[in-house]
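What follows draws every value from the coordinates through simple rules; no lab data is involved. Note that the coordinates shown come from a computational prediction; the quantities given were computed from them, not determined experimentally. Positions of Cβ are backbone-derived with ideal geometry, glycine not excepted, and every protein chain shown enters the neighbour counts.
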Amino acid sequence: MIFKGVQDGKPYPDHRLSGRSWAKIPPRQFRLDQLTTVTSVLALDKLLSEDSTFYGDLFSHIIRWQGELYLEDGLHRAVRSALRNRHIIHARMLDLDMVDFRPGAPTIEEQVSGVEVPTPARPVGAQPRSMRATRSGWTLPEDM
């Protein structure tokens with residue numbers, strides 16, 4: 001079994017999240033057998049296409065709703081991964097369980113834009129390392 005389940009249609013409310021807001025959500029790893037797809041049709045031409053993500057997000061989109069993980073976008077990428085015997089995909093997850101749906105609450109777009117994306121920490125006082133080219137590739141300077 002590749003996925004936890006397959007269903008036709010989205011059981012969660014429409015989030016209307018823009019591509020820009022999706023890009024603010026950092027990608028994480030997900031196991032395919034934990035995901036339920038919301039699309040029951042697979043287009044073979046898209047599955048076999050080399051450049052299917054050329055105009056879209058490189059990462060799949062997953063929605064958490066009532067404790068379940070739904071693969072909203074990226075079914076073809078996930079199936080390609082499974083065919084290559086990879087059981088993990090990198091995806092962005094919108095956690096609708098954490099969204100405030102009460103009247104007067106900020107929109108989902110505003111709630112997502114307030115989330116800070118973690119960045120790698122640099123040691124205090126660390127200077128950027130300069131790189132130099134050699135015949136074998138890029139290396140650090142000897143004084144480092």
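A few notes on this one:
- Loop-resident chymotrypsin sites (Phe, Trp or Tyr not before Pro) (DSSP state other than H, G, I, E or B) in region 61-114 with no more than 15 further Cβ atoms inside 10 Å of their Cβ: F101.
- For region 72-80, the Karplus equation 6.51 cos²θ - 1.76 cosθ + 1.60, evaluated at θ = phi - 60°, returns couplings of 8, 9, x, 4, 5, 5, 5, 5, 4 Hz by residue, with Gly and Pro reported as x.
- Each residue of region 101-106 is assigned a 3J(HN,Hα), and the resulting list reads 9, 5, x, x, 6, x Hz, derived from the Karplus form 6.51 cos²θ - 1.76 cosθ + 1.60 (θ = phi - 60°), x at Gly and Pro.
- Semi-axis lengths (Å, descending) of the ellipsoid that matches the C-alpha gyration tensor of region 1-103: 22, 16, 13
- Applying a DSSP loop filter and a limit of 10 other Cβ atoms within 10 Å to the trypsin sites (Lys or Arg not before Pro) in region 10-91 leaves R16, R84.
- The stretch between E110 and V6 holds 34.4 nm of extra length on full extension. This uses 0.36 nm per residue minus the Cα-Cα distance.
- Gain on full stretching of the segment that runs from R84 to A43 - 0.36 nm per residue minus C-alpha separation: 13.0 nm
- Antiparallel %, DSSP beta bridges [both residues in region 5-118], to 5: 45 percent
- Whole-Hz couplings from phi, Karplus 6.51/-1.76/1.60, listed for region 39-49; x for Gly and Pro: 10, 9, 10, 10, 8, 4, 5, 6, 4, 8, 6
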